[in-house]
Amino acid sequence: MTRYGLVCLLATVAWSQVQNPRPGGTQENPSAQSGAAQGAQTVPNEAPAASPAAQVPPDAAVITIQGLCASSAEKAGAADCKTVITRSQFEAVVDALSPNMPRQMRRRFATDYANALIMSKRAEEMGLDKGPAFEERMRVQRLRVLSQELNKAMQDKASQVSEQQIQDYYHANVDKFVQIDVDRIYVPKTRSGKDEDEDKKPGAAEAAKTTEDSGQTMKNEADKLRARAVAGADFVKLQAEAFEVAGIKSNPPNVSLGKMRQATLPPSHASVMQLKAGQVSPVIADESGYFIYKVKSVDTLPFDQAKDEIRGTLRSQRLQQEMRSLQESTTSTLDEAYFGPELPPRALPGRPGAPLPAGKPSPPPGPK
């Protein structure tokens with residue numbers, strides 16, 4: 001197997017081992033961070049000790065595979081032939097596949113790398129690197145690696161955001177950084193209390209009438225609660241009454257939501273952002289119930305606190321624009337007589353159905 005084939009083989013191994021790498025550096029062990037922090041407290045002026053791996057010279061052997069010969073001639077001429085991989089050679093592989101690989105994962109990766117070298121050598125001896133099927137698979141692997149490299153290059157380019165561009169975005173979109181501190185009452189749409197005649201099975205018409213009456217009862221209750229909220233009633237008490245009328249025995253949700261922005265509100269609740277401090281919203285209805293907001297304060301997120309978010313937003317916008325431009329530059333057409341019609345997108349495993357719209361939080365606890 002060629003060296004490129006070995007790199008392709010190990011690429012999946014490397015990326016599967018690395019979880020949540022820290023951009024720009026090696027991910028550190030949390031327990032090591034904690035220990036370092038405690039050490040800094042007890043001996044403030046003591047410099048942190050260098051890791052043992054840092055003391056290994058670049059040309060020192062870090063992986064030695066006895067019995068793995070570079071060629072058949074070497075194997076025949078030396079009974080103790082071996083393959084040696086130096087620190088610099090090993091780190092070149094790691095840097096190519098996963099530059100942010102945590103230090104604690106490198107031993108496992110080194111074992112996988114050595115096993116892959118052994119298996120690939122045996123595969124070459126068996127002639128498994130010959131033939132059209134192997135060449136086609138290598139060609140596809142090359143396409144995948146090139147696609148990954150392009151994606152990385154596009155991300156690097158999109159990440160080049162200047163301080164001035166961040167400031168310009170902030171001032172041009174200051175409304176997006178307005179935040180309101182709010183209390184909220186949630187009123188379920190229907191009652192869930194047990195009626196005296198619940199053991200009797202109602203007919204379809206009777207069940208529909210009961211649901212309609214229940215819904216109207218809760219709508220009327222929401223209007224009453226809103227009027228009392230405008231008059232200055234305590235939101236905690238109003239929320240408890242809403243659940244009592246709905247027949248819900250569980251504890252009501254916390255009325256204090258803290259500071260929220262337009263992006264964190266459901267789209268149908270966006271009108272709350274227009275309220276001034278002290279104002280109460282109209283009753284807002286959506287599929288999960290009725291909602292009443294009271295704005296306690298209004299301010300704007302400071303620029304220094306918004307910088308990282310803006311940088312991420314601009315990076316995402318640039319990356320999407322670059323990807324859109326690339327996709328629109330070409331057109332791919334598939335023959336439906338051969339491939340058949342396009343299938344609908346499948347839901348993610350363990351998540352049946354369509355996801356909630358972006359920015360919409362999960363509805364508060366409702367009737368069970």
> Which members of segment 120-131 meet the condition of being in a helix (DSSP H, G or I) and either exposed (fewer than 10 other Cβ atoms within 10 Å of the Cβ) or not hydroxyl-bearing (Ser, Thr, Tyr) (or both)?
Replying inline: Lys121, Arg122, Ala123, Glu124, Glu125
> Name the pairs: first residue in segment 221-243 and over 13 Å from Tyr290 (Cβ atoms) and modelled with pLDDT under 95, second residue of a type outside the set (Ser, Thr, Tyr) and surrounded by 14 or more Cβ atoms within 10 Å (Cβ to Cβ), Cβ to Cβ under 7 Å, at least 6 apart or on different chains?
Replying inline: none
>> So in segment 132-189, with the set limited to residues that are basic (Lys, Arg) and closer than 30 Å to Gln274 by Cα, which one is surrounded by the most Cβ atoms within 10 Å (Cβ to Cβ)?
In response: Arg184
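Conditions tested, residue by residue: (1) at pLDDT 85 or above; (2) basic (Lys, Arg); (3) surrounded by 11 or more Cβ atoms within 10 Å (Cβ to Cβ).
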{"site": "Thr313", "(1), (2), (3)": "yes, no, yes"}
{"site": "Thr330", "(1), (2), (3)": "yes, no, no"}
{"site": "Leu334", "(1), (2), (3)": "yes, no, no"}
{"site": "Glu342", "(1), (2), (3)": "yes, no, no"}
{"site": "Pro361", "(1), (2), (3)": "no, no, yes"}
{"site": "Pro367", "(1), (2), (3)": "no, no, yes"}
> Restricting the search to segment 125-183, which residues are of a type in the set (D, E, K, R) and closer than 30 Å to Lys294 by Cβ?
Replying inline: Asp175, Lys176, Asp181, Asp183
> What number of residues in segment 276-323 are assigned to a helix (DSSP H, G or I), among the charged types (D, E, K, R) and without any contact (Cβ under 8 Å) to a residue 60 or more places away in the chain?
Replying inline: 3
> Can you tell me which residues in segment 244-275 are within 34 Å of the chain's Cα centre (by Cα), surrounded by 15 or more Cβ atoms within 10 Å (Cβ to Cβ) and either aromatic (Phe, Trp, Tyr) or assigned to a helix (DSSP H, G or I) (or both)?
Replying inline: Gln262, His269, Val272, Met273
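The values are calculated or read from the model by the stated rules, or taken from the named source; none is laboratory data. No experiment lies behind these values; they were computed from the predicted model shown. We place every Cβ from the backbone using ideal geometry, glycine too, and count neighbours over all the protein chains shown.
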